[in-house]
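Chemist: Pasting in a structure now, in structure tokens, and then I'll have a few things to ask.
Rule-based calculations on the coordinates, nothing more; no lab input. Remember, it's a predicted structure, so these values are computed and weren't measured experimentally. Here the Cβ is made from the backbone with ideal geometry for all residues, glycine too, and neighbour counts use every protein chain on show.
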Amino acid sequence: MKNKLSWFAVPYVGWMALMVVIPILIMVVYAFTTAEFQGTLENFAEMGAYTSVFLRSFRLALVATLVCLLIGYPVSYWMAREGAGFQRVAMALIMLPMWMNFLLRTYSWMSILENNGLLNQLFRAVGLLDLLGVEYIPMIGTSGAVVLGMVYNYLPFMILPIYSVILKLDGSLLEAARDLGADSRRVFRRVILPLSLPGVLSGVTMVFVPSVSTFAISRLLGGGTQMMLGDLIELQFLGGSYDPHLGAAISMVMMAIVVVCMVVMNRFGEGEGEAVLL
Amino acid sequence: MSKELIRLTDCVMAFDEDIVLDKINLSIKDKEFLTLLGPSGCGKTTTLRIIGGFQTPTSGDVLFDGVRINAVPPHKRTINTVFQKYALFPHLNVYENIAFGLRIPKADAKGGKVKLSEEEIDRRVTEMLEVVNLRGFERRRTTQLSGGQQQRVAIARALVNRPKVLLLDEPLGALDLKLRKDMQNELKRIQKAMEITFVYVTHDQEEALAMSDTVVVMDSGRIQQIGSPEDIYNEPRNAFVADFIGESNIIDGIMRADGVVEIFNRRFQCLDSGFGKDEAVDVVIRPEDVDIVPEDQGQLRGTVTSVTFKGMQYDIIVDFYGFKWLIQTTDLSPVGSRIGIKIDPDGIHVMKKSEYSGLFGDYSSYSEEYEEISDASFDPEEEDSGDEE
């Protein structure tokens, strides 16, 4: 090694090999073998039974990502244009929930959304339930609750990259656009939006990837009816239908799909940003 | 050249208590090349931004073609700007950068919106690329261009909209010396060819003199002098202008009569008149207007204290009765030699005393810089008397 300091990277490289490369290799081996470690493709064939879980996972993850984007972009834009004092407070508020474990936060949502939870009690108190003639409004156990849980947990990962990109935008570019005749709507559409696309792309990635592999949120807020890929995999390793070989195969397919999604998305990012969104 | 296009009347710009512009009055004529010249912080860029619409003056009026435009936003002004660091759009190629303004629908006379056809846009972008010598660069990313090329794109992007006025904020600041000279000629050529009013901001006096029809010298938020480059150089109004534009020896004098000024108790013929009898004045003598003669024939006699070879000429510092002058000469007078000088009447320029009197025009610090190197006991306090050059 030419650079003496590069020796400091050795622990990191070793750690990565031990904790990333080797587990992936183990996963691949499991995915292509039977319980007796005979080579097979049966694990993949078996997955057909779980097509609905795959579809649901991607659908809910996409919806959650979209909702995060629709909430996150305006919030980021607004934050970036305010003063430094406001930005500090807003940032602290966004980060605050993340200082707590996400399971705890998800449990709180359970008690809010339950059939006899805080929200339904509130609806009852204001007479909304009587008005509708129902005992309660079902919220927990729906796909909406799962999406809500994911949006709540992953929204900061959408806001942070978009916010920092918009914050770093060169103010003279906006002045130049105005100088050339663009009103504020056009300045946004033709300059701010295309230049903030890298932030959007990394935000989308950072929300979509954990969303698609979510497991606890879907179980707790989906009430067992909204099984997602993460739950399915968990079930193969820790749950009743113990089959690590099938679990490894599902994990592999999920990883492959996620990688393909990322590659496609980054392709978009490299092209002319404007063409993508306009 | 005669019609007035822009007028600033008593424009004040204040940020909190800080007054950046103090009652600026300025008239800009159609098709002229006007330069706002001054040191950093003098208010020249703020003046430009007021004309461009990026800042609204705290008080005072901005008139364009006789119409008050204080509250008109930049995108509704027929004025375009070349920004200091070009501000090219990094996500667009050269062609799209230039076409940016053309793609925006413009309001027509009936209040509707007119959109240019692709053919029209293409024709005008191509024509502009021709003007700035960038044919063949259409599809390049702006980040792949050199500083000079980016500069040309910025100019093309502004001019393609056929503005009535082009504002340029230190556009050549980031270029190297050779390129600056080329671009100066280039800008002058474009301005003549397109018959557009240029308002140019710079702190480089040579640039201002070389390019402008009118130079506006600014300092501390006030206009110090407005005039042609020749006027500004030959007839500076105060010590600040005399010092900022070129090299000047500025000496205390007394006006004894019209055409007679006394310095160092000797009377000199000059061409200035209209001062009160025995009025104290500042006298400007340019280093190139001094003739060196044998000591006994000189109007003043002094000792050469330093000599610097500058290629075209020698810069020599001469001590006359304790006041150090800069003189430019092609004949070498060695350090320590006694010389005499003669000054023709047209080499002397008399100015009224101003707040800048006594601050500029003494070259004692100039020579002390050299003494500092050889003399370890140099007292840095004395440096305060010198100017900033």
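Chemist: Can you give the Kirkwood hydrodynamic radius for region B:47-125, in Å, rounded to one decimal and based on Cα pairs?
Modeler: Working: mean 1/r = 0.0674 Å⁻¹.
Value: 14.8 Å, from the Cα pair sum.
Chemist: List the relative contact order of chain A as a percent without decimals, with contacts defined as Cα pairs under 8 Å and 6+ residues apart. Don't jump to the answer; show the numbers that get you there.
Modeler: Numbers: 296 pairs, mean separation 75.8, N = 278.
Taking the mean separation of contacting Cα pairs over the length of chain A, I get 27 percent.
Chemist: Label-point separation (nm) for B:THR303 and A:LEU131, each offset 7 Å from Cα along Cα-to-Cβ?
Modeler: 10.2 nm
Chemist: Mind computing the radius of gyration and Dmax over the alpha-carbon atoms of chain A? Å is fine for both.
Modeler: 23.0, 76
Chemist: Give the lysines whose C-alpha is closer than 22 Å to that of B:LYS277, dropping any in the same chain fewer than 8 places away, or say none.
Modeler: List returned: B:LYS352, B:LYS353.
Chemist: Restricting the calculation to Cα positions, tell me the Rg (one decimal) and the Dmax (whole number) of region B:180-300 in Å.
Modeler: 18.1, 58
Chemist: Please identify the longest segment of chain A free of exposed GluC sites (Glu not before Pro), where exposed means a DSSP state other than H, G, I, E or B and no more than 16 other Cβ atoms within 10 Å. Each step should come with its number before you reach the end.
Modeler: Values: sites that count: A:GLU36, A:GLU82, A:GLU135, A:GLU272.
Answer - A:136-271.
Chemist: Continuing with this model, one more query. To check you understand DSSP bridge types, tell me what percent of the beta bridges within region B:4-233 (both residues inside) are antiparallel, rounded to 5. Don't skip to the end; give the middle numbers.
Modeler: Working: 23 of 41 bridges.
Here the antiparallel bridges make up roughly 55 percent for region B:4-233.
Chemist: Next question. Kirkwood Rh, Cα Rg: Rg to Rh for region A:95-192?
Modeler: On the way: Rg = 21.5 Å, Rh = 17.2 Å.
So for region A:95-192, dividing Rg by the Kirkwood Rh gives 1.25.
Chemist: Continuing with this model, one more query. Report the calculated FRET efficiency for A:GLN38 and A:ILE71 (r = Cβ-Cβ distance, R0 = 56 Å), to the nearest 0.05. Let's see the in-between values first.
Modeler: Values: r = 50 Å, r/R0 = 0.89.
Efficiency computed from Cβ-Cβ geometry: 0.65.
Chemist: In deg cm²/dmol, rounded to 500, what helix-only [θ] at 222 nm does chain B give when every DSSP H run of at least 4 residues adds -39500 (n - 2.57) and the total is split over its residues? Working shown, then result.
Modeler: Working: 9 runs with 90 residues, N = 389.
About -7000 deg cm²/dmol.
Chemist: Beyond a 26 Å Cα-Cα separation, which of these cross-linked pairs lie in this structure: B:LYS164/B:LYS188; B:LYS29/B:LYS188; B:LYS85/B:LYS192; B:LYS44/B:LYS110? Numbers along the way, then the final one.
Modeler: Numbers: B:LYS164/B:LYS188 16 Å; B:LYS29/B:LYS188 16 Å; B:LYS85/B:LYS192 24 Å; B:LYS44/B:LYS110 38 Å.
Table pairs above 26 Å Cα-Cα are B:LYS44/B:LYS110.
Chemist: Let me ask something else about it. Please work out the C-alpha center-to-center distance from region B:313-338 to region B:156-212 and express it in whole Å.
Modeler: Their Cα centres are 37 Å away from one another.
Chemist: Now for a different question. Report the label-to-label distance for A:LEU55 and A:TRP78 in nanometres (one decimal), using points 7 Å from each Cα along the Cα→Cβ vector.
Modeler: Once both label points are built, they end up 3.7 nm from each other.
Chemist: Here is a follow-up. Projecting each Cα onto the charge dipole of chain B (Lys/Arg +1, Asp/Glu -1 at the beta carbon, about the Cα centre), which of B:TYR200, B:TYR321, B:LEU92 comes out farthest on the positive side?
Modeler: Farthest along the dipole direction, towards plus: B:LEU92.
Chemist: For region B:265-321, which trypsin sites (Lys or Arg not before Pro) are both in a DSSP coil and crowded by at most 12 other Cβ atoms within 10 Å? List each step's numbers first, then the result.
Modeler: Values: sites: B:ARG266, B:ARG267, B:LYS277, B:ARG301, B:LYS310; in loops: B:LYS277, B:LYS310.
Sites meeting the loop and neighbour criteria: B:LYS277, B:LYS310.
Chemist: Next question, about the same structure. Please list, in order along region B:242-249, the HN-Hα scalar couplings obtained from phi with the Karplus expression 6.51 cos²θ - 1.76 cosθ + 1.60 (θ = phi - 60°), rounded to whole Hz, x for Gly and Pro.
Modeler: With the stated coefficients, region B:242-249 comes to 4, 6, 6, 9, x, 8, 9, 8 Hz.
Chemist: Quick check for me: using +1 on Lys/Arg Cβ and -1 on Asp/Glu Cβ, what's the dipole size of region B:19-90 about its Cα centre, in debye to the nearest 20?
Modeler: It works out to roughly 160 debye.
Chemist: Neighbouring Cβ atoms within 10 Å as the yardstick, rank A:MET158, A:MET16 fewest first.
Modeler: Working: A:MET158 30, A:MET16 12.
By the 10 Å Cβ count, ascending, the order reads A:MET16, A:MET158.
Chemist: Would you mind giving the mean number of other chain beta-carbons within 10 Å of the Cβ of each residue in A:55-65, as a whole number?
Modeler: What the average comes to for A:55-65 is 0.
Chemist: Within region B:107-155, which trypsin sites (Lys or Arg not before Pro) sit in a loop by DSSP and count at most 16 neighbouring Cβ atoms inside 10 Å?
Modeler: Details: sites: B:LYS110, B:LYS113, B:LYS115, B:ARG123, B:ARG124, B:ARG135, B:ARG139, B:ARG140, B:ARG141, B:ARG152; in loops: B:LYS110, B:LYS115, B:ARG135, B:ARG139, B:ARG140.
Sites meeting the loop and neighbour criteria: B:LYS110, B:LYS115, B:ARG135, B:ARG139, B:ARG140.
Chemist: Given an 8 Å cut-off on Cα distances and at least 6 residues of separation, report the relative contact order of region B:235-385 as a percent. Please report the intermediate quantities before stating the final value.
Modeler: Values: 318 pairs, mean separation 41.5, N = 151.
Once normalised by length, the contact order is 27 percent.
Chemist: Just need the Rg to Rh number for chain B, please, alpha carbons only, Kirkwood Rh.
Modeler: Details: Rg = 25.0 Å, Rh = 23.7 Å.
Rounded to two decimals, Rg over Rh is 1.06.
Chemist: Please report, in cubic angstrom per residue, the volume enclosed by the convex hull of the alpha-carbon atoms of region B:235-385. Don't jump to the answer; show the numbers that get you there.
Modeler: Values: hull volume 17.4 nm³, N = 151.
For region B:235-385, the hull spanned by Cα atoms encloses 115 Å³ per residue.
Chemist: Looking only at other chains, what is the average number of their beta-carbon atoms within 10 angstrom of each beta-carbon in B:89-95? Don't jump to the answer; show the numbers that get you there.
Modeler: Working: counts 10, 6, 11, 6, 1, 0, 0.
Per-residue shielding by partner chains comes out at 5.
Chemist: For B:LYS113, give me every one of the lysines with a C-alpha distance below 18 angstrom, ignoring sequence neighbours fewer than eight places off in its own chain.
Modeler: Straight-line reach from B:LYS113, under 18 Å: B:LYS76.
Chemist: Continuing with this model, one more query. Taking 1 over the mean of 1/r across every pair of different Cα atoms in region B:4-233, what Kirkwood radius in Å do you get?
Modeler: Values: mean 1/r = 0.0547 Å⁻¹.
One over the average 1/r among Cα pairs gives 18.3 Å for region B:4-233.
Chemist: Let me ask something else about it. Have a look at B:THR9, B:ILE50, B:ASN25 and report the one farthest towards the positive end of the charge dipole of region B:4-233, computed about the Cα centre with Cβ charges (Lys/Arg +1, Asp/Glu -1).
Modeler: Of B:THR9, B:ILE50, B:ASN25, it is B:ILE50.
Chemist: Now for a separate question. How much mean residue ellipticity at 222 nm does chain A get from its helices, if each DSSP H run of length 4 or more adds -39500 (n - 2.57) and you divide by all residues, to the nearest 500 deg cm²/dmol? List each step's numbers first, then the result.
Modeler: Details: 16 runs with 196 residues, N = 278.
About -22000 deg cm²/dmol.
Chemist: Give the Debye-formula value of log10 I(q)/I(0) at each listed q (0.35 Å⁻¹), with one equal scatterer per alpha carbon of region B:1-40, two decimals each.
Modeler: -1.09
Chemist: Please compute the Kirkwood hydrodynamic radius of region B:1-133 from all pairs of different C-alpha atoms, in Å with one decimal. Each step should come with its number before you reach the end.
Modeler: Values: mean 1/r = 0.0581 Å⁻¹.
Result for region B:1-133 stands at 17.2 Å.
Chemist: For region B:2-75, state which trypsin sites (Lys or Arg not before Pro) are in a DSSP loop and have at most 10 other beta carbons lying within 10 Å of their beta carbon. Could the numbers behind the result be given before it?
Modeler: Working: sites: B:LYS3, B:ARG7, B:LYS23, B:LYS29, B:LYS31, B:LYS44, B:ARG49, B:ARG68; in loops: B:LYS3, B:LYS31.
Loop-located and lightly packed - B:LYS3.
Chemist: Report, in debye and to the nearest 20, how large the dipole of chain A comes out about its Cα centre when Lys and Arg carry +1 and Asp and Glu carry -1 on their Cβ. Walk me through the numbers before you get to the answer.
Modeler: On the way: 16 positive and 17 negative charges, 165 e Å.
Approximately 800 debye in magnitude.
Chemist: Place +1 on the Cβ of every Lys and Arg and -1 on the Cβ of every Asp and Glu in region A:50-277, take the dipole about the Cα centre, and give the residue among A:GLY127, A:GLY83, A:TYR107 whose Cα lies farthest towards its positive end.
Modeler: A:GLY83
Chemist: Now for a different question. Per 20 Å bin from zero, what fraction in whole % of the C-alpha pairs of the protein assembly as shown is there, up to the bin with the longest pair?
Modeler: 14, 31, 27, 18, 9, 2
Chemist: Straight-line reach from A:LYS168: which aspartates and glutamates fall under 14 Å, measuring Cα to Cα and dropping same-chain residues less than 8 apart?
Modeler: A:GLU82
Chemist: Let's see if you can work this out: charge +1 on each Lys and Arg Cβ, -1 on each Asp and Glu Cβ, no other charges. What is the dipole magnitude of region B:4-233 about its Cα centre, in debye to the nearest 20? Show your work: numbers first, answer last.
Modeler: Working: 32 positive and 32 negative charges, 196 e Å.
In total the dipole reaches around 940 debye.
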